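Quick notes on the structure that follows.
The values are calculated or read from the model by the stated rules, or taken from the named source; none is laboratory data. Nothing here was measured: the structure is a model prediction, and the numbers come from that model. Because the Cβ atoms are built from the backbone with ideal geometry, glycine has one as well, and the counts that use them run over all protein chains shown. These accessible areas exclude ligands, DNA and RNA; they are computed on the full protein's heavy atoms, side chains included. Shrake-Rupley method; radii C 1.70, N 1.55, O 1.52, S 1.80 Å.
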Amino acid sequence: MALLDTVRAVPRRTTTLVRVDRRGAALLTLVAWLVLFAWLKGRDTLRLEQSDVTGLHTWLNTVDDRVGDARQDNPAFRNVVGGIRDTIDAVATALQHLLSSPVGDRPLPLVGWLGVVTVATLGAWAVSGVRLALLTMLGLLFIGSQGLWQPSMDTVALTLTAVLFSLLVGIPLGIATGLSRRVRLVVTPLLDLAQILPAFVYLAPLALFFSIGPASATIATLVYAAPPVVRLTALGITEVPRATIESATSLGATRWQVLRTVQLPSARRTIVVGINQTVMAALAMVTIAALIDAPGLGRVVLDALNHLDIGTAFNGGLAIVVLAVVCDRVTTAARRPRTQVGGGPRVRLAVTVLATALGALAVYLSYTYLWAARFPASPDLGTPIEERTTTVVDWVQAHFGGATGWVKDEVTRGVLDPVQSLLVDSPWWLTAAALVALAAIVGSARAALTAAVCVGLIIGTGLWSDAMATLAATLLATAVVVVLGVVLGVWMGRSPRVDRTIRPVLDAAQVMPAFVYLVPFVALFAASRFTGIAAAVVFAAPVVLKIVADGIAGVPRAAVEAATAAGSSTWQTVTKVQLPMSLRTLVLATNQGLVYVLSMVVVGGLVGAGALGFDVVSGFRQEKWFGKGIAAGVAIVLLGVLLDRVLQAAAARAPQAPRERHRAP
């Protein structure tokens with residue numbers, strides 16, 4: 001009872017007044033905005049028609065032309081940029097020749113399906129054991145029987161190339177970041193910025209310098225995938241106990257010896273986690289890079305979505321999911337110590353020699369014989385999957401089309417249109433002033449300054465109206481995902497049994513690339529703004545649920561027991577104790593939800609979501625819209641920075657409750 005009183009008393013008395021003041025100021029700002037909107041609606045909206053461009057967009061088109069000329073004529077540009085492009089392209093092409101594409105007069109790759117399946121299975125067995133080796137073998141055979149062996153191997157080749165270069169750059173940079181405070185001060189803000197940018201944004205500037213093609217796609221994937229391994233390598237280095245380092249130093253070890261024999265071995269598990277995250281990020285980005293002509297499964301899904309061929313898109317998306325699950329499980333298992341084969345060193349040596357000989361034999365057979373090189377046409381699982389999916393989609397649309405259409409239309413008319421109209425049809429100066437004021441109220445004075453700068457730069461891109469439409473969809477989707485996250489997250493946080501049931505599903509959902517989420521929602525709701533929002537909610541839900549659940553589970557048990565002993569009901573315990581004591585965690589969950597939603601809303605431009613996502617896609621597809629696409633990418637970055645800084649300021653201001661325990665993210 002006394003502890004419950006302590007929880008409720010002093011901190012609440014000091015923060016409630018501030019909370020009421022901020023809530024009142026925010027409410028007053030919204031009321032003033034609505035009143036002025038009703039009066040000034042439609043004036044000074046800075047609306048730009050879809051077929052129009054600004055002087056900035058035309059200038060960016062000119063820059064694109066000049067960069068294209070420089071790629072051919074400028075020696076410095078050709079040697080530096082062309083050298084990077086040629087190096088990465090050479091590695092990617094070599095891996096494609098090895099796994100997926102013809103080589104010279106040979107109509108097939110150097111290693112056929114039998115060699116790839118055998119080597120991958122043996123590799124998984126060596127790293128993680130028999131069960132994951134079986135999973136790897138069945139997963140690859142399933143993908144091949146879908147009729148998607150060649151595009152899958154293209155995806156694997158580009159992913160391996162990007163991961164290789166990401167690790168070559170990321171691990172040394174992570175070590176330097178962990179060892180040097182000066183390096184950390186420089187690198188950390190860049191990593192923060194890189195991790196809030198939607199994947200789309202990387203494509204446009206890299207396509208400008210490296211032109212559209214597999215090399216640009218690989219470089220974009222490298223840039224997107226490197227931050228996790230840099231950050232986690234640095235974390236592993238800094239977490240090594242100082243006493244351990246001092247012990248090694250006192251024995252006369254040099255800095256290099258301390259790093260090689262103490263810090264790196266101690267940080268191994270954290271570094272492997274970073275490699276896992278880099279692999280998954282690379283796989284997700286390679287599929288999105290189909291927009292700039294990257295080969296592989298992403299192109300299969302993208303082409304199918306463009307033709308609204310849901311059966312083919314589902315078949316391709318299923319292959320991506322299987323590939324992602326195999327990669328995730330194998331690299332995750334690499335963190336754990338490998339169970340040794342029993343029987344002593346001689347038996348282990350014999351097993352290793354036998355496995356190596358088996359892999360070499362499979363590679364030889366797949367190089368020499370057609371039956372082992374080209375994946376068999378039978379059994380064909382792809383055609384039945386596509387046909388069944390199309391049948392199910394037709395059935396759903398025939399029987400539930402009215403219901404799904406009603407939901408889509410009502411949400412669009414009742415919620416999305418009013419919010420979008422407030423942001424888009426208000427005078428630009430009114431919307432800008434309201435956003436800056438809300439940033440100051442919700443966040444801080446510094447967040448308001450950041451918001452003012454971002455708003456000014458968004459106006460400068462000439463895409464104010466499209467940016468506000470994207471912001472409306474992002475805010476709506478985030479509101480839904482936070483409500484969903486609080487409801488299910490509290491349930492998970494209060495019940496370990498529920499957590500053990502739901503968390504594996506969330507873990508599996510987090511390995512799926514963004515493209516995959518679009519497929520079922522296009523089938524249910526057709527191409528529309530609502531489709532992008534619905535997909536964004538499902539895409540962001542896993543990370544929000546896990547953060548909220550961890551926050552609720554981290555509330556000290558004594559506080560919950562004190563509330564229960566005082567006669568509080570479950571509802572009172574949740575709303576008066578657990579949620580208030582998890583406030584900072586809830587704000588952080590909202591921040592992460594916003595980042596995920598923004599990235600998915602932009603991808604939704606592929607299926608009719610319009611606004612900035614459509615501008616970016618148009619920039620990739622038509623040369624005359626390239627400048628507008630670049631400007632749209634910059635506007636997306638500015639929106640992400642604005643939202644991130646405001647919520648980070650709000651999280652920093654929220655009271656921090658003492659934590660009891662943490663679960664693995």
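Of everything in region 408-431, what is free of Cβ contacts under 8 Å to residues at least 60 places away in the same chain and exposed (fewer than 15 other Cβ atoms within 10 Å of the Cβ)? Give them in sequence order. The answer is Asp409, Glu410, Arg413, Gly414, Asp417, Pro418. Would you be able to tell me the number of residues in region 345-368 that are open to solvent by 100 Å² or more (accessible area, probe 1.4 Å) and in contact with a Ser or Thr (Cβ under 9 Å, 6 or more places away or on another chain)? Looking only at that region, the number is 0. Being in contact with a helix residue (DSSP H, G or I) (Cβ under 9 Å, 6 or more places away or on another chain), part of a helix (DSSP H, G or I) and assigned by the TED database to the domain that holds Val455 is not true of Leu361.
Does Arg584 satisfy being touching a Pro at 6+ places or on another chain (Cβ under 9 Å) and basic (Lys, Arg)? Yes: the conditions hold for Arg584. Of all the residues in region 35-74, those that are among the hydrophobic types (A, V, I, L, M, F, W, C) and in a loop (DSSP other than H, G, I, E, B) number 3.
Residues of region 369-407 that are among the β-branched types (Val, Ile, Thr) and open to solvent by less than 50 Å² (accessible area, probe 1.4 Å): Ile385, Thr389, Val393, Val396, Thr404.
Quick grid of which residues meet (1) within 22 Å of Thr404 (Cβ to Cβ); (2) touching a residue at least 60 places away in the same chain (Cβ under 8 Å):
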| site | (1), (2) |
| --- | --- |
| Ser495 | no, no |
| Arg500 | no, no |
| Val519 | yes, yes |
| Leu524 | yes, yes |
| Ala535 | yes, yes |
| Ala540 | yes, yes |
| Gly554 | no, yes |
| Ala559 | no, yes |
| Thr564 | no, no |
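Yes or no, residue by residue, for (1) among the β-branched types (Val, Ile, Thr); (2) closer than 20 Å to Arg529 by Cβ:
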residue: Arg346; (1), (2): no, no
residue: Ala350; (1), (2): no, no
residue: Leu358; (1), (2): no, no
residue: Leu361; (1), (2): no, no
residue: Thr368; (1), (2): yes, no
residue: Leu381; (1), (2): no, no
residue: Asp394; (1), (2): no, no
residue: Gln420; (1), (2): no, yes
residue: Leu430; (1), (2): no, no
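Scanning region 561-573 for residues that are out of contact with any helix residue (DSSP H, G or I) (no Cβ under 6 Å at 6 or more places or on another chain), under 16 Å from Trp491 (Cα atoms) and surrounded by 13 or more Cβ atoms within 10 Å (Cβ to Cβ) yields a single hit, Gln572. Selection within region 145-171: residues that are in contact with a helix residue (DSSP H, G or I) (Cβ under 6 Å, 6 or more places away or on another chain) and among the small types (Gly, Ala, Ser). The member of this set that is farthest from Gln96 (Cα to Cα) is Gly170.
Of the helices (runs of 4 or more DSSP H) lying entirely inside region 258-334, those containing at least 3 residues that are touching a residue at least 40 places away in the same chain (Cβ under 8 Å) and small (Gly, Ala, Ser) span 268-288, 310-333. Inspect all residues belonging to region 326-334 and state whether any of them is within 28 Å of Ala157 (Cα to Cα) and hydroxyl-bearing (Ser, Thr, Tyr). Yes: one or more hits.
Pick from region 77-119 the residues that are of a type in the set (Gly, Ala, Ser) and exposed (fewer than 15 other Cβ atoms within 10 Å of the Cβ): which of them is farthest from Trp149 (Cα to Cα)? Within region 77-119, the match that is farthest from Trp149 (Cα to Cα) is Gly83. When region 170-195 is limited to residues that are of a type in the set (Val, Ile, Thr) and open to solvent by less than 80 Å² (accessible area, probe 1.4 Å), the one that is farthest from the chain's Cα centre (by Cα) turns out to be Val183. Please determine whether any residue of region 121-130 is modelled with pLDDT under 85, open to solvent by less than 40 Å² (accessible area, probe 1.4 Å) and in the same structural domain as Arg374 (by the TED database). Yes - at least one qualifying residue is present in region 121-130. Only one entry in Val637, Val641, Val577 is among the aliphatic types (A, V, I, L, M), part of a helix (DSSP H, G or I) and surrounded by 22 or more Cβ atoms within 10 Å (Cβ to Cβ), namely Val577.
Rundown of residues vs (1) modelled with pLDDT of 85 or more; (2) more than 25 Å from Leu206 (Cβ to Cβ), yes/no style:
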residue: Thr270; (1), (2): no, yes
residue: Ala284; (1), (2): no, no
residue: Ala290; (1), (2): no, no
residue: Val300; (1), (2): yes, no
residue: Asp303; (1), (2): no, no
residue: Asp309; (1), (2): no, yes
residue: Ala319; (1), (2): yes, yes
residue: Ala324; (1), (2): no, no
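Going through (1) open to solvent by 10 Å² or more (accessible area, probe 1.4 Å); (2) among the aliphatic types (A, V, I, L, M); (3) within 27 Å of Ala215 (Cα to Cα) one by one, Leu251 falls short only on (3). Each residue in region 36-54 was checked for being open to solvent by 60 Å² or more (accessible area, probe 1.4 Å) and either modelled with pLDDT under 80 or out of contact with any helix residue (DSSP H, G or I) (no Cβ under 7 Å at 6 or more places or on another chain) (or both), and 7 pass.
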